[in-house]
Amino acid sequence: MSSASAPVPSPAGSHPADSDLVRAARGLPVGRTPVWFMRQAGRSLPEYRELRAGTAMLEACQDPDLVTEITLQPVRRHGVDAAILFSDIVLPLVVAGIDIEIEPGVGPVVASPVRSVADVDALPALDPERLAFLETAVRQLVAELGATPLIGFAGAPFTLATYLIEGGPSKEHARTKAFMYAEPEAWSRLLDRLAVSAATFLRAQVDAGASAVQLFDSWAGVLSAADYADRVLPHSRAVFDGLGERGPGGRDVPRIHFGVGTGELLPLIGDAGADVVGVDWRVPLDEAARRVGPTRSLQGNLDPAVLLADRATVDREVRRVVEQGRAARGHIFNLGHGVLPDTDPGVLTHVAELVHELTTR
């Protein structure tokens, strides 16, 4: 466990609520632009691969001690400004009792895909009492992290629906969209159920001490703006609404919403209830700020492939993202998607240091 490892670096604030990440998410002045990386917990880190050896992904995600250690590893190594809970997008479905396996080199595979109205109605609900492992992991992390914020994690209803309907990863998501068009009432019920599940998963994390949450809608970019607005956005909004009232006494944590290939959907993604809109690498941040408007912060958006290039290219692109991010109400530096497995961890450390150097007030 982390008590025998190097300490977690602390940000300038004395409490996570005062951290640069939370302040940037709220559009408040910061000491420096905060940095974290999607998929920073794992994949590229040799210490992660060593720790995970012999343990299946979904098993590791339900072991509080493994979750704690894996989540802390990149914070110690890279000096990033936030931890992201080590988890998997399908974990709430698995905990609810749906038969899903993560096949190496493939991804989540569903034993009995949803293909009918009856299949939707037969899906089990997520029992909050089955999330004790998650609450334990979050409490352990909050104790270890001190002033460094922990970001909670959940998959958005649409993306979870694609896995359930397709039976696994898909490029076209044709079955999903066909079901959405052909069975609108069942589609709405399915996404309603998935929104309740995601909100339950996030509430457990926030109540245990997470300082922010991110809702991942990995595949929303396959939709038109009209279909997203009519058939998906209300259910994503329901996830954020499921966190309850903001303000004193409520779950007043910043909400980050991210999707891949969602340049045409950016204003709508913000309308779902986000304080921060995540932007992939396809849209420059200054243009994203124009599309989203002045009431929300941005997160992003260095192309993960840039990290495989030479150092001069990395530095040039980091400087570009930092400069374009100044157009936003607040900016959280990140990649435009997750860390690629072949990324040199030393490059991630360098990027975090460079962003801090460029933006320290």
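Values quoted throughout were computed directly from the atomic coordinates according to the rules given, and no laboratory measurement underlies them. This one's a predicted model, so the numbers in the text were calculated from it and none came from an experiment. Note that we place each Cβ from the backbone using ideal geometry, even for glycine, and neighbour counts take in every protein chain shown.
Overview of results
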{"quantity": "Residue within segment 344-355 that is surrounded by 22 or more Cβ atoms within 10 Å (Cβ to Cβ), of a type in the set (Ser, Thr, Tyr) and in contact with a Lys or Arg (Cβ under 9 Å, 6 or more places away or on another chain) present", "calculated": "no"}
{"quantity": "Set 277, 283, 239: member being aliphatic (A, V, I, L, M), touching a residue at least 60 places away in the same chain (Cβ under 8 Å) and within 30 Å of residue 178 (Cβ to Cβ)", "calculated": "239"}
{"quantity": "Any hit, segment 302-318, residues being over 30 Å from residue 49 (Cα atoms) and buried (at least 20 other Cβ atoms within 10 Å of the Cβ)", "calculated": "no"}
{"quantity": "Residue in segment 273-286 that is of a type in the set (A, V, I, L, M) and touching a Lys or Arg at 6+ places or on another chain (Cβ under 6 Å) present", "calculated": "yes"}
{"quantity": "Residues of segment 84-105 classified as of a type in the set (A, V, I, L, M, F, W, C) and more than 20 Å from the chain's Cα centre (by Cα), total", "calculated": "3"}
{"quantity": "Considering residues of segment 113-131 that are without any contact (Cβ under 8 Å) to a residue 24 or more places away in the chain and in a helix (DSSP H, G or I) only, the residue surrounded by the fewest Cβ atoms within 10 Å (Cβ to Cβ)", "calculated": "129"}
{"quantity": "Test for residue 322: is it free of Cβ contacts under 8 Å to residues at least 40 places away in the same chain, β-branched (Val, Ile, Thr) and either crowded, with 18+ Cβ neighbours inside 10 Å or over 29 Å from residue 227 (Cβ atoms) (or both)", "calculated": "no"}
{"quantity": "Residue 279 being crowded, with 19+ Cβ neighbours inside 10 Å, under 18 Å from the mean Cα position of the chain (by Cα) and among the aliphatic types (A, V, I, L, M)", "calculated": "yes"}
{"quantity": "Residue selected from segment 195-209 under the condition under 17 Å from the mean Cα position of the chain (by Cα) and of a type outside the set (A, V, I, L, M, F, W, C), by the criterion farthest from residue 123 (Cα to Cα)", "calculated": "209"}
{"quantity": "Answer residue from segment 16-67, given it is in a loop (DSSP other than H, G, I, E, B), among the small types (Gly, Ala, Ser) and buried (at least 19 other Cβ atoms within 10 Å of the Cβ) and is nearest to the chain's Cα centre (by Cα) among those", "calculated": "41"}
